[in-house]
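The values are calculated or read from the model by the stated rules, or taken from the named source; none is laboratory data. Owing to the predicted nature of the structure, the values given are computational and were not obtained by experimental measurement. Here the Cβ positions follow ideal geometry from the backbone for every residue, glycine too, while neighbour counts run over all protein chains shown.
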Ligand SMILES: Cc1cc2nc3c(=O)[nH]c(=O)nc-3n(C[C@H](O)[C@H](O)[C@H](O)COP(=O)(O)OP(=O)(O)OC[C@H]3O[C@@H](n4cnc5c(N)ncnc54)[C@H](O)[C@@H]3O)c2cc1C
């Protein structure tokens, strides 16, 4: 339990200005972007250097204080909501330095609180490319991205965060530094602890330094918007593009409900009468880009696309992606509560999944806008509701379960990129097995015997 003496110790470590205990301040750290019950922490500590971070973790460890690390708090699974009123939140926005960008060996070392887009821009300024680009990249942190194994709009061609984490330094519950991986492109030394830590959602250790792989940027890019007046044809085009062995950098889907919300929010000139849009970007060698763009266009036209709008320059291209990135914010304006899911299916099943979302919306009499990384099989059905309407909320919960069941029946997964957190931990056994959960709990118990690291997340308990 947090005592006045312990509060003082936190102040001694990070400075009184970086410790928050007033209810008005603490309230801000009681929620994140997921729809879960808010819990106000006992104290928020904001270390600004690595040594202070380690000492804060050790202090929690010694005193059995549950701790939740918070980057930008944009996760969509309740990962940064404390599970107890005794909880300590460790804020990483003071640990925001890019420690090294190594141009010769194409890697970077960063602190966990570095904002994703700022890091990508710094890499770009050195002629390098960091592909993972969650829709939240303007605010999300690299620590949060690693802890959630975040994806993004370019995941189809370039993969997700785990594909770029070369190594980590993290604190265990005693505040000891554990080092994983290497700055080399290959590393087979010891267990693959990096693999264990990526996606661990703050439940196994606290990241202090992250080594990230960088790659050369693509020489050329072409973005286009394909307009469809039948939703099912748009989804068939997604499967057909992949089946034709074309891997665009980005292949995003937007249904009419989302198009209208985005257009009224961002005024990007999207056709509001379209049943669905595919937002596509191909990149690489200029000759290949031209060839892929032609083939993508042919496939879309064969599947009855009524229009293909190719971005003429970077400004038009940026407008398309800014509109897509605003989808969540645009939908959030429509109703008090927004539940965004990320169940993912094998890509060939996208047409079925799109149809299933419509059927679920009808069955449970709910407004569901669907958009997302269709090329990855990762749609974001987004339920608009008002949690205060308890009768409707019961239907929302049933719809969420129906979405998961549908995805699992197609050989899919509960989460393509948003993690398990609190929101999905009760569904974990549906996808895995009791043995998987017990095995995971045994790992957690061995590494965190007092269960202080983000307790209650991922595997419950
Ligand atoms: C508008 C919007 C768009 C989004 N688009 C995408 C998308 O395209 N793809 C995608 O994958 N996600 C997306 N997300 C979800 C979210 O942005 C990602 O999960 C992101 O990785 C969270 O980063 P964060 O800094 O906000 O982390 P937080 O939400 O602060 O934390 C996330 C998890 O990481 C843990 N954590 C944070 N820092 C550390 C650390 N130093 N050590 C250990 N654990 C740590 C936390 O405890 C928590 O469990 C979106 C969210 C929003 C609101």
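Some values worked out for this structure:
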{"quantity": "Matching entry among 328, 338 (being over 22 Å from residue 238 (Cα atoms) and touching a residue at least 24 places away in the same chain (Cβ under 8 Å))", "calculated": "338"}
{"quantity": "Any hit, the range 215-228, residues being modelled with pLDDT of 95 or more, surrounded by 19 or more Cβ atoms within 10 Å (Cβ to Cβ), within 16 Å of the ligand (Cβ to nearest atom) and within 30 Å of residue 143 (Cβ to Cβ)", "calculated": "no"}
{"quantity": "Residue 233 over 21 Å from the mean Cα position of the chain (by Cα) and free of Cβ contacts under 8 Å to residues at least 60 places away in the same chain", "calculated": "no"}
{"quantity": "Residues located in the range 405-420, provided they are more than 16 Å from the ligand (Cβ to nearest atom) and either surrounded by 24 or more Cβ atoms within 10 Å (Cβ to Cβ) or modelled with pLDDT under 95 (or both)", "calculated": "407"}
{"quantity": "Answer from 291, 297 - the residue that is part of a helix (DSSP H, G or I), more than 30 Å from residue 415 (Cβ to Cβ) and either in contact with a helix residue (DSSP H, G or I) (Cβ under 6 Å, 6 or more places away or on another chain) or in contact (Cβ under 8 Å) with a residue 24 or more places away in the chain (or both)", "calculated": "297"}
{"quantity": "Leading residue by the ranking (modelled with the lowest pLDDT) among those in the range 300-314 that are part of a helix (DSSP H, G or I) and within 30 Å of the chain's Cα centre (by Cα)", "calculated": "314"}
{"quantity": "Yes/no for residue 92 being within 8 Å of the ligand (Cβ to nearest atom), under 17 Å from residue 459 (Cβ atoms) and in contact with a strand residue (DSSP E or B) (Cβ under 7 Å, 6 or more places away or on another chain)", "calculated": "no"}
{"quantity": "The range 440-461 residues that are free of Cβ contacts under 8 Å to residues at least 60 places away in the same chain and over 15 Å from residue 64 (Cβ atoms), paired with ones that are in a helix (DSSP H, G or I) and within 14 Å of the ligand (Cβ to nearest atom) (beta carbon under 6 Å, 6 or more apart)", "calculated": "460/425"}
{"quantity": "Answer from 147, 121, 188 - the residue that is away from the ligand (no atom under 14 Å from the Cβ) and in a helix (DSSP H, G or I)", "calculated": "121"}
{"quantity": "Single residue of the range 124-144 satisfying the filter (within 13 Å of the chain's Cα centre (by Cα) and in a helix (DSSP H, G or I)) that is farthest from the ligand (Cβ to nearest atom)", "calculated": "142"}
{"quantity": "Filter result for residue 253 (outside any helix (DSSP H, G or I), touching a residue at least 40 places away in the same chain (Cβ under 8 Å) and under 30 Å from residue 303 (Cα atoms))", "calculated": "yes"}
{"quantity": "Top-ranked residue in the range 191-203 [being touching a strand residue (DSSP E or B) at 6+ places or on another chain (Cβ under 6 Å) and not in a helix (DSSP H, G or I); ranked as farthest from residue 149 (Cα to Cα)]", "calculated": "203"}
{"quantity": "Hits in the range 96-118 - residues which are free of Cβ contacts under 8 Å to residues at least 60 places away in the same chain and touching a strand residue (DSSP E or B) at 6+ places or on another chain (Cβ under 9 Å)", "calculated": "96, 97, 98, 100, 113, 114, 115, 116, 118"}
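Here is a yes/no grid of residues against (1) away from the ligand (no atom under 12 Å from the Cβ); (2) touching a residue at least 60 places away in the same chain (Cβ under 8 Å); (3) part of a loop (DSSP other than H, G, I, E, B):
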{"site": "153", "(1), (2), (3)": "no, yes, yes"}
{"site": "167", "(1), (2), (3)": "yes, no, no"}
{"site": "174", "(1), (2), (3)": "yes, yes, yes"}
{"site": "179", "(1), (2), (3)": "yes, no, no"}
